[in-house]
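Please treat every number below as a calculation from the coordinates, not as lab data. A quick note: this is a predicted structure, and the numbers were derived from the prediction, not measured. Cβ coordinates were reconstructed from backbone atoms using ideal geometry, including for glycine residues, and neighbour counts include every protein chain displayed.
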Amino acid sequence: MRTLQAQRRAALGIDVLPGAFTQHVGSITDRGFVHRCMKHVTTVLHAATLHKPHVATHGRQDFVDVNISGTLNLLEEATAAGVKAFVYTSTTSVFGDALVPPPGEPAAWITEDVAAVPKNIYGVTKAAAEDLCQLFARNHALRSVVLRTSRFFPEEDDNRAVREVYADANIKANELLYRRVDIEDVVSAHLLAAEHAPSAGFAKYIISATTPFARQDTAELRDHAPQVVRRYVPDYEAEFSRRGWSMVPGIDRVYDNARARIELGWQPRYDFRALVARLRAGEEIRSPLAREVGSKGYHDRAFRDGPYPVE
């Protein structure tokens, strides 16, 4: 919404809470509300969802209501309104158990062709919503694009063991190698998807920072990640050392964004190489948009042990 308004493009924001970029307050679970909001709309960017951090605070029915029924409401009303493009913000979490190979196996090389194996109600409902998008593209000619985004949240990591070993900035820097993306690049992917949707019919893309690795690195990455990173980005060590940071010893999955770059013409700017260059120049590692948006949080209360009650 910030980017669309900055570009002076007409945009209507809906949310469950009021805000500077919200024109209508309500829930996508309310079909009547969705119907009223859909008038004169030509493109839908659907990012509303219950997230993984809500698993411990919301019931499974809540996830079905928002992530599946809410998506169905949007799809049906978009079809009725003659919407030209529907872009759905999904998640790499739908891959679930496919992301962690058995001990001794190479790191998983994740493309759009890897079968999803969701491991919680969040992943299950996001995968089901993806299928709804495909159904409406096939049966109702609603041009739809699903974007499976990797991590771009600014909040602390949800794994206490990881938080205890690495500084937060160190964690996020490491993740840009294989499982993180900057929100500015996420936004550019959505806008490109909206442009391409009218000719796409249905498409699905992984949206993650461009990895420096190649598929043939996966065996070495599983247990010897620092030496692989050193080979591709040799100057990272000096910048990490200067900050007291360390590289993860092993990497279990790598998200490959090649299809989005080729088919959408997406050019993500904030990858690991760019991060090291910014560190060397003494610049902020986050994009201007990421700094502007900041952290919104997922809950309206704090928890005793960590940012999310998921452990």
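Here are a few things to note about the model shown:
- Descending semi-axes in Å of the range 153-224, equivalent ellipsoid built from Cα gyration tensor: 29, 18, 9
- Restriction of the GluC sites (Glu not before Pro) in the range 73-141 to DSSP coil positions whose beta-carbon has at most 13 other beta-carbons within 10 angstrom yields no sites.
- For the range 165-264, GluC sites (Glu not before Pro) are listed when DSSP marks them as loop and at most 13 other Cβ atoms sit within 10 Å of their Cβ; the list is empty.
- Under 19 Å from the Cα of Lys204 - lysines, other chains or at least 8 residues apart: Lys84, Lys126
- Between Arg304 and Arg36, residue separation times 0.36 nm minus the direct Cα-Cα distance comes to 92.4 nm.
- For the pair Ser246 and Ser27, the difference between a 0.36 nm per residue extended length and the Cα-Cα distance amounts to 74.6 nm.
- Per-residue 3J(HN,Hα) values for the range 84-100, derived from phi via the Karplus relation 6.51 cos²θ - 1.76 cosθ + 1.60 with θ = phi - 60°, read 8, 8, 10, 10, 10, 7, 9, 8, 5, 5, 4, 5, x, 5, 5, 7, 10 Hz in sequence order (x marks Gly and Pro).
- In the range 28-106, trypsin sites (Lys or Arg not before Pro) in a DSSP loop with at most 15 other beta-carbon atoms within 10 Å: Lys39, Lys84
- The simple spin-label model puts a point 7 Å past each Cα toward its Cβ; for Ala56 and Glu164 those points are separated by 1.5 nm.
- Three-way shape label, the range 55-106, alpha-carbon gyration tensor, a/c 1.5: oblate
- Three-way shape call for the range 2-286 based on the alpha-carbon gyration tensor, with the a/c threshold at 1.5: prolate
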